[in-house]
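These notes concern the structure reproduced below.
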């Protein structure tokens with residue numbers, strides 16, 4: 001029987017990253033143990049998992065097992081899974097918390113090279129390629145669209161611009 005943990009996390013990039021590190025460490029441990037026992041977890045991008053945003057104000061972080069069962073997750077679950085996967089392959093990946101142009105937090109993966117990988121965007125692009133852009137247009141438009149320029153500066157954004165579908169597959173450093 002699993003242990004259910006509830007924790008309140010201060011609303012800051014550093015605090016959310018620290019909490020996400022806990023999820024990454026748990027996923028790494030579970031994935032490593034499965035590998036040692038002869039099982040394993042599929043690579044995120046071959047798993048069939050899709051990105052779906054949770055309803056506003058609600059966060060229920062799923063570990064790798066729960067994510068596979070559900071078949072969908074939002075940015076922190078996807079980043080947590082991917083970091084665990086990369087660590088199992090020997091890469092010292094880290095979770096990274098970005099602030100979107102709309103002022104919300106968004107979880108990414110910082111690769112050993114320093115490049116940022118966005119599993120949410122990659123899975124949305126894969127789904128769009130498979131099902132057509134119309135199937136994921138709402139997520140792309142609302143989650144990742146930039147604010148008008150004057151609001152962007154007010155939120156302290158670093159000027160992330162709207163990406164075309166092909167660019168969604170490319171990692172990009174936002175710092």
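Going from the fewest other Cβ atoms within 10 Å to the most, the residues 31, 126 appear in the order 126, 31. Inter-label distance, residue 4 to residue 129: 3.9 nm, where each label sits 7 Å from its Cα along the C-beta direction.
Beyond 13 Å, what percent of the Cα pairs of region 1-40 remain?
63
Arranged from fewest to most other beta-carbon atoms within 10 Å of their beta carbon, 106, 56 become 56, 106.
Quick check on the exposure proxy: order 20, 94, 67 from fewest to most C-beta atoms within 10 angstrom.
94, 67, 20
The simple spin-label model puts a point 7 Å past each Cα toward its Cβ; for residue 116 and residue 34 those points are separated by 2.8 nm.
Every number here is computed from the coordinates shown, using simple stated rules; none is lab data. Please read these numbers as outputs of a predicted model, since none were measured by experiment. We place every Cβ from the backbone using ideal geometry, glycine too, and count neighbours over all the protein chains shown.
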